[in-house]
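A.B. asks: Take this structure first; my questions come after.
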Amino acid sequence: MDAVQTDQTILKTKQHFKILDGLRGIAAIAVVIFHFMEFAVPDYKDNFIAHSYLAVDFFFCLSGFVIAYAYDSKVEHIGILRFIQLRLIRLHVLVVIGAMLGLFTFIFDPFSNLYQGYGLGKTLLIFLSAALLIPYPLVHERYFNLFHLNPPTWSLFWEYIANIFYVFILYKVKNQLLWVFLVIAVLVLGYEAHHAGNLAVGWGGDNFFGGGARIFYSFLAGMLVYRSNWIIKSPLGFIAMCILLAAAFLIPFNDRFNPLIDLLVTILYFPLLVALGAGAVLQAGYEKICRFLGDISYPLYMIHYPFLWIFLSYVEMKKPQMNELVLVIVISLFLLIGLAYLIMVFLDQPIRKYFNAKIKKA
């Protein structure tokens, strides 16, 4: 029991949780690999990383923790408008960049003529949908995503909803009532897992409300991890935490047990990982790695999928062998990480810096 304790001083110092940053990057990389594998190996039972769709639930839980940590004591001081401005600047630059990349790859995909079938008018609508976070499932040929040009935008839609609820309601709510909300969220999530057969929901026109169920639970759970001072100190380091996180993504896909597996991972395991990650020890030499992974996590998540559409078109047209697919996936992963870093340095950060300076002067 000595190794597991809460440490309120950690929370009060407002330090940066570097291992959690690193884990966010690992989860983003797992999502990219998972999306490649969806097209390379469509049967989830043969997909070695099939449960990586649960990375979104980890993101939501981490978001609840970080938002409560960063803003619970600040909202009264900065006000609702400033909170919304800060969150828009942090999140929306990459939403628009992702939509623009999606527009580019949709029009100029060398292996597909899908754009010609939809034309300029509908293409403009799905671009505005992605850039303005207005769900518009249109492209039936490609899974009926809420935001076709950049499908991961669906989770940002729900992230925005959670942030709005937080600043208007949740930050003022006492923990006792948050626990009541959490119990309700467990029931809603349980229904969704049973109804859908798993928690890979929320991204499409036919499973839209599943995204609400996922963030309803995980965001509240993350908030309560912070508010309950549930920081678990242990000798676990970054590598050990990466292994624990990866274990959730590598669970074999099983239609019979998926509802139970997904619920256990989301309800119990991810909040535990956030608590462990916040209290884990960052060994010398891993600080730069965690910083890099944390920095590129959101850019990578938001810019990778437009290029996945080209990959799918390539697979459909060329029908390559698995050894060729593996080579393409590995090379593409490193290129996407590099591109995410460049977009972060030369677009995202300068644009955010500009707008942050503007609101400070206002």
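A.B. asks: For the stretch 73-116, name all the residues that are among the acidic types (Asp, Glu) and crowded, with 17+ Cβ neighbours inside 10 Å.
C.D. replies: Matches in the stretch 73-116: Asp109 only.
A.B. asks: What are the pairs with Cβ atoms under 6 angstrom where one residue, in the stretch 207-223, is over 17 Å from Val180 (Cβ atoms) and the other, located anywhere, is surrounded by fewer than 24 Cβ atoms within 10 Å (Cβ to Cβ) and modelled with pLDDT under 95? Sequence gap at least six, or different chains.
C.D. replies: Every condition considered, no pair remains.
A.B. asks: Okay, moving on. Within the stretch 334-347, is there a residue that is hydroxyl-bearing (Ser, Thr, Tyr), assigned to a helix (DSSP H, G or I), surrounded by fewer than 17 Cβ atoms within 10 Å (Cβ to Cβ) and in contact with a helix residue (DSSP H, G or I) (Cβ under 8 Å, 6 or more places away or on another chain)?
C.D. replies: Yes - at least one qualifying residue is present in the stretch 334-347.
A.B. asks: Next up: Return the only residue of Ile10, Ile29 being under 14 Å from the mean Cα position of the chain (by Cα) and either modelled with pLDDT under 95 or of a type in the set (Val, Ile, Thr) (or both).
C.D. replies: The unique qualifying residue is Ile29.
A.B. asks: Something else now. Could you please find all residues in the stretch 46-69 being within 23 Å of the chain's Cα centre (by Cα) and either farther than 21 Å from Ile215 by Cα or without any contact (Cβ under 8 Å) to a residue 40 or more places away in the chain (or both)?
C.D. replies: Asn47, Phe48, Ile49
A.B. asks: Which residue, of Ala200, Ala221, is under 17 Å from Trp154 (Cβ atoms) and in contact with a helix residue (DSSP H, G or I) (Cβ under 6 Å, 6 or more places away or on another chain)?
C.D. replies: Ala200
A.B. asks: Further question: Looking for whichever is out of contact with any strand residue (DSSP E or B) (no Cβ under 6 Å at 6 or more places or on another chain), in a helix (DSSP H, G or I) and surrounded by 18 or more Cβ atoms within 10 Å (Cβ to Cβ) here; the options are Gly211, Gly202. Which one fits?
C.D. replies: Gly211
This table checks each residue for (1) of a type in the set (D, E, K, R); (2) within 16 Å of Leu23 (Cβ to Cβ); (3) touching a residue at least 60 places away in the same chain (Cβ under 8 Å); (4) surrounded by fewer than 24 Cβ atoms within 10 Å (Cβ to Cβ).
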| residue | (1), (2), (3), (4) |
| --- | --- |
| Gly197 | no, no, yes, yes |
| Arg227 | yes, no, yes, yes |
| Cys242 | no, yes, yes, yes |
| Gly277 | no, yes, yes, no |
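A.B. asks: Still on this structure, I have one more. What number goes with the only condition from (1) of a type in the set (Gly, Ala, Ser); (2) over 21 Å from Pro350 (Cβ atoms); (3) touching a residue at least 60 places away in the same chain (Cβ under 8 Å) that Ser73 does not pass?
C.D. replies: (3)
The values are calculated or read from the model by the stated rules, or taken from the named source; none is laboratory data. Note that the structure is a prediction, hence the values are computed from the model and not measured. When we count neighbours, we look across all protein chains shown, and the Cβ atoms used for this are built from the backbone with ideal geometry, even at glycine.
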